[in-house]
Amino acid sequence: MLIATFLSALALSSPSADRFACDIAPSLGSGSSDEGKIDSITSLNFGCRYEVLNLWGVGVSPVIGLDRQLWTVNEKSSSVKNISSYETQDFNFGFRLDKAVGGRTKIFYGLLSGQGKGSLSSTQSTDQSSLSSSYSNLKNNFLQQSLGASYGLTEKLSLTLAWQRQTANQSWSVDSGDILLQNVDEENNLTLTGGTTALLGGPEPRSKNQTTTNLIQIGLSLSFGS
């Protein structure tokens, strides 16, 4: 009985004809961070997957890929304007589940974990001063979930559409940054409009950030035989 059950499971596990596929897809979205609202985030991802298992019509595929992400945070108040621009290049890995739902259409769920490096440029400005910072040693770690569908344009080429939700953490070393402070003298005194002076002070530079974003992804998928 146990042998029969095992052989039956093996029969259910035979993968589909096209086991290997590569995807390229840009994404666009928005979100929030510790600094404020992310008005726009863009991403370009290239990845490949290989179906190792198919259970009851659900394909299971490990995924590896590369992506590039760019986003900007604009934070404005009555007296201060902060602009932070991030750029990262990441390596990601995870898995994807696919299921055919009729004809040329498939639905899928994916889970990716990624890490990489990048840069941060930040400007904090008021009517009297501007503080610009640049960091090139930024580290990025993220977890991303995708839920979408694909439609076969040809036997090998498919169009994909997906919703993505990503949570990420960035960190960087403040000591290695380039900082430019404008409109102050050598003693760190800011000249005010009325002719008096005041010591320019403020919070310590930040060294980490957390983001949550939602994106829409549209891309192409090319599949190959086993």
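Bear in mind that the values in this text are calculations on the coordinates, not laboratory data. Everything quoted here is computed from the prediction, not taken from an experiment. Cβ: placed from backbone, ideal geometry, glycine included. Neighbour counts: every protein chain shown.
I'd like the Karplus ³J(HN,Hα) series for the range 42-54: coefficients 6.51, -1.76, 1.60, θ = phi - 60°, whole numbers in Hz, and an x wherever there's a Gly or Pro.
Values per residue, Gly and Pro as x: 10, 8, 10, 10, 10, x, 10, 9, 9, 6, 9, 7, 9 Hz.
Stokes-Einstein D for the range 129-179 at 25 °C, 0.890 mPa s, Kirkwood Rh over Cα pairs, in µm²/s?
Rounded, D is 166 µm²/s.
If you take every residue apart from residue 92 with its C-beta less than 14 Å away from the C-beta of residue 92, what net charge results, scoring Lys and Arg +1 and Asp and Glu -1?
Cβ neighbours under 14 Å give a net charge of +1.
Give the order of 49, 68 when sorted by the count of other beta carbons within 10 angstrom, beginning with the fewest.
Listing 49, 68 from fewest to most nearby Cβ atoms yields 68, 49.
Tell me, how many Å apart are the Cα centres for the range 145-173 and for the range 89-107?
8 Å
Grab the other residues whose beta carbon is less than 15 angstrom from that of residue 214, score K and R as +1, D and E as -1, and report the net.
Charge balance in the 15 Å sphere: +1.
Set the Förster distance to 35 Å, then compute FRET efficiency between residue 145 and residue 82 from the Cβ-Cβ distance, nearest 0.05.
0.75
Can you tell me the alpha carbon radius of gyration of the range 68-152 divided by the globular rule-of-thumb value 2.2 N^0.38 Å?
Normalised Rg, Cα atoms only: 1.64.
At a 10 Å Cβ-Cβ cut-off, how would you order 87, 51, 155, fewest neighbours first?
By the 10 Å Cβ count, ascending: 155, 87, 51.
Counting other C-beta atoms within 10 Å, which of 39, 23, 98 has the fewest, and how do the rest follow?
39, 98, 23
Sorted from largest down, give the three principal axis spans of the alpha carbons of the range 40-184, whole angstrom values.
68, 29, 22
Would you mind computing the Rg to Rh ratio of the range 89-134 from its alpha-carbon coordinates, Kirkwood style for Rh?
A ratio of 1.43.
Quickly work out the residue 48-to-residue 174 label distance, labels modelled 7 Å from Cα along the C-beta direction, and quote it in nm with one decimal.
About 4.4 nm, to one decimal.
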